[in-house]
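Have a look at the structure below, then the notes.
The values are calculated or read from the model by the stated rules, or taken from the named source; none is laboratory data. Computed from a predicted structure; not experimentally measured. Backbone-built Cβ (ideal geometry, glycine too); neighbour counts: all protein chains shown. Side chains are part of the model used for accessible areas, which takes the heavy atoms of the whole protein and leaves out ligands, DNA and RNA. Shrake-Rupley method; radii C 1.70, N 1.55, O 1.52, S 1.80 Å.
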Amino acid sequence: MKRILPFIAFIVSFIFLFTPFSRDVFAFNGGLLNNKTIYFGAYVGHKYSRISTVTDNELSTYQDIFEFNNYNTIWHQFSIPTKIGSFYLKSSTRLNLVLYSSNMTKLYERTHVSSDDIQFLDSLVDNVSYVALINTGTGGGRVYEFDVFSNALVDTMPPSNVNSLVASSIKSTSFSVDWSNPSDTDFDGTKIYLNNILVTTLDKTKTSYTFNGLNPNTTYTVKVTSFDTSQNESSGVTLTVKTLPPPDVTNLELFPSTYSILAQWINPTDSGFIGNDIYLDGNFITSLDKDATSYNFTNLNPNTSYAVKVVSKFIDGYSSTGQTATAKTTIPVEDVADLQADAKYDRVKLSWTPPNSEFFSHVKIYRKNVEQQSFWDQLFGTTSVSAETPSDGYTPMFETNGTYWTDLTVTPETTYSYKVTSVNIEGDESQGVTVETTTPSEPVPVLSGVATTQNENGDYVVTWASPTKGIVKVLIAGKEYAQVDAATKQIVIKKEDMKTDFFGAYAATLIPIGEYGTKGQAVTVPSLGEKIDFPLSFQDFMETVVSILAWVAPFIVLSLVFIFWRPIFNFIKKAISERRVKQ
C-alpha cells in the first residue's frame, strides 16, 4: 500500500499540471494573484495603498482607478521572477497590461483590454518580476477582478462566430458573401466552406469572399467559421444561396410581315457566352454564333400567331431557360390585276380583276390630272399639288368591292391617271396599280329631225330629235332670241316675234352647242305652208352677193378710170390754174 500511494500522488499531480484550464475555472481563482494583497498607486513601485478587492474572486468588490497622471496603476511584485502566459481582467474601462523585469525593463504590453475573459499572450513571457494594470485614458473606471497565470495554458475555447453573413452579386456561375468579423482579441481568421467542403482560409482582415466556377441555377450551402490564435474553430454561420440561371438575351423584338417574322435581340455580355439556339413554336430551327443578333423566319402562313424562343448557350455546356416572344403574321394585301380604262369624251370606265384572297375587302380609286409640263418643269421636276390631295397628287374618288367603276366627272381632251389600291379586312392598303388615259374631244352636235308646228295661239313650236345634251341657241334675223336645254327638244317662238326673209322663209336658225361648248352647224327653222324653195336662204344669198361685190369692185373702179380719164384730167388742171390766179 505504501508503494501505491506515491504513484497515485504522481498521477494526480501529472493530471493537474497537464490538463488545460477551462475558462470557467480561471474566471475568478487559481492564478498567481489569487487572494493576494497587491498595490494601488500612481506608478509601478508607488505604494499608495494595499488592496485585495481585485483578487478576492468577488465581482461585487472593486477598486477605482483614475485617469492618466493620477492614481492610475494597480501592480504586484513577485518574490522571484516567473513566467506569465495568460491573464484575466474584469473592468469597466480599458487598461494596459504591462510586464516588467526586475530592473523595470518592459517585457510585454497588451493595450486597451477590459473583456471578461481569459486572454492569452502572444507567447510565454519569462523572468517577469512586476505585473501592472495602467490606465492611460482620460477617464477613470473600476477594476473588479485581475489575475495572471504562469503555466502554458492551452486555449480550447473557440472564438465567436462572424456576424451578418449575407450573399451579394449573385450570378449564374458566381456569387459573393460578406460578413462582420467577431471582436475577440485572439480572433485570427475565417474558414470558408461550400457544401461542407473547405474552400479557403482567410486572415482576420478579410470580410468577404467570391465563389467562382459554379453551376447555374444551383443551390449551395455556405458556412463561414472563425478561428483564433490557438486554432480553435467556431461552429460557424451558414447561408443558402442559389445561383441564377444562365442569362438570356434581352430586348427580344419581333417584326412580322405577311409571310415572315424578323427577330432581333441583344446578346448576353458574359464571357462564357458562345451563341443561341433558335426555336419556332417549340421546334428547333438553327444555331447561331455569338455575333448574330437577328434571325428572319420565312415561308410562314399569313394571319397566324407564332412563338419565337431564343436559348443562350455557354462554354461549360449550360443553356439559359430561353427568352420567348410571340407575334402574328400580317394579313396579305394584294393589288388588283388587269386594270383597264375605256375613255369617252364625257366618262372613263375602269375595270379590273380583284385579288383572289379571302382577306380582300374592297378597292379604293384615286385620280389625278396629267398636265403637259413645260420644258423647265420637266427639267427640274417641279410639280404642284393641292392641299386636298396626297403628296403623290392623287385625289380619292370612290370605294367599291365590285370590278368596275365609271368616272362621270371628266372633261374632253384631258389626260387622267387612275390608281386602284386594294384594302384587306384589317384596313391595310396596297401600293396600288395605275393606268393613264386621255378623253377624246367632244363630238360636234348635229341637229336632226327639226320640225315646225303652230299651237292654238298661233305661236311657232320648233322641235328636234337630237341632240339631247348641251343647249340649243335660237337666232331670229341674226340676233339671239333664246337658248334652251337641248334635253327639252323644243322651243316656242311667239307669233309676233317670228320674222321672214326676202324669200318668205322664216328668218330663224337653231345652233346646237355641246355640253363643253362645241358648236354645231346652224339649221334654219323650217317654214309652214307653200313657199318657193331656194337653194340658199336669204341670209346666205346676201352674204354671197356681198362676197361677189367685194371681189369685182376693184375692176369696176379701174374700168371707170379708163373711160372718164380725160374729163377728170381737165377738171384737175382747171382747178390748179384757178388756184394760181387767186394767189
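Scanning the range 245-269 for residues that are closer than 21 Å to PRO216 by Cβ, surrounded by 16 or more Cβ atoms within 10 Å (Cβ to Cβ) and in contact (Cβ under 8 Å) with a residue 60 or more places away in the chain yields PRO245, PRO246, PRO247, ASP248, VAL249, LEU252. Can we say ASN196 is in contact (Cβ under 8 Å) with a residue 24 or more places away in the chain, open to solvent by 40 Å² or more (accessible area, probe 1.4 Å) and either in contact with a Pro (Cβ under 7 Å, 6 or more places away or on another chain) or not assigned by the TED database to the domain that holds GLU109 (or both)? So ASN196 fits the description; yes. The one condition from (1) of a type in the set (Asp, Glu); (2) open to solvent by less than 60 Å² (accessible area, probe 1.4 Å); (3) touching a residue at least 60 places away in the same chain (Cβ under 8 Å) that ASP122 does not meet is (2). Considering each residue of the range 396-446, count those that are open to solvent by 60 Å² or more (accessible area, probe 1.4 Å) and among the aromatic types (Phe, Trp, Tyr), and give that number. Of the residues in the range 396-446, 2 are open to solvent by 60 Å² or more (accessible area, probe 1.4 Å) and among the aromatic types (Phe, Trp, Tyr).
Would you say GLU496 is under 60 Å from the mean Cα position of the chain (by Cα) and of a type outside the set (A, V, I, L, M, F, W, C)? Steps first, answer last, please.
Working: under 60 Å from the mean Cα position of the chain (by Cα): no; of a type outside the set (A, V, I, L, M, F, W, C): yes.
In short, no.
Quick grid of which residues meet (1) at pLDDT 90 or above; (2) in a loop (DSSP other than H, G, I, E, B):
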{"position": "LEU5", "(1), (2)": "no, no"}
{"position": "HIS46", "(1), (2)": "yes, yes"}
{"position": "ASN70", "(1), (2)": "no, yes"}
{"position": "ILE84", "(1), (2)": "yes, no"}
{"position": "PHE87", "(1), (2)": "no, no"}
{"position": "LEU99", "(1), (2)": "yes, no"}
{"position": "SER102", "(1), (2)": "yes, yes"}
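The set of residues in the range 474-518 being surrounded by 14 or more Cβ atoms within 10 Å (Cβ to Cβ) and of a type in the set (Phe, Trp, Tyr) consists of TYR481, PHE503, TYR506, TYR516.
Please indicate, with yes or no, whether at least one residue in the range 119-130 is more than 15 Å from HIS76 (Cα to Cα) and modelled with pLDDT of 90 or more.
Step one: filter the range 119-130 for residues more than 15 Å from HIS76 (Cα to Cα), giving 119-126.
Checking the rest, the ones that are also modelled with pLDDT of 90 or more come to 125-126.
Looking through the range 119-130, at least one residue is more than 15 Å from HIS76 (Cα to Cα) and modelled with pLDDT of 90 or more.
When SER320, SER357 are checked against the criterion of being out of contact with any Gly (no Cβ under 9 Å at 6 or more places or on another chain), in the same structural domain as ASN303 (by the TED database) and open to solvent by less than 60 Å² (accessible area, probe 1.4 Å), a single residue qualifies: SER320.
Within the range 205-313, considering only strands (runs of 3 or more DSSP E) that don't extend past its boundaries, which have at least 3 residues that are more than 27 Å from the chain's Cα centre (by Cα)? Lay out the reasoning, then the answer.
Details: elements: 208-211, 219-228, 237-242, 250-256, 261-266, 273-280, 283-289, 294-297.
Output list reads 208-211, 219-228, 237-242, 283-289.
Among the listed residues GLN119, GLN77, which satisfies the condition of being over 60 Å from the mean Cα position of the chain (by Cα), within 20 Å of THR53 (Cβ to Cβ), outside any loop (DSSP other than H, G, I, E, B) and polar (S, T, N, Q)?
Values: GLN119 fails: within 20 Å of THR53 (Cβ to Cβ).
GLN77 is the lone residue from the list that is over 60 Å from the mean Cα position of the chain (by Cα), within 20 Å of THR53 (Cβ to Cβ), outside any loop (DSSP other than H, G, I, E, B) and polar (S, T, N, Q).
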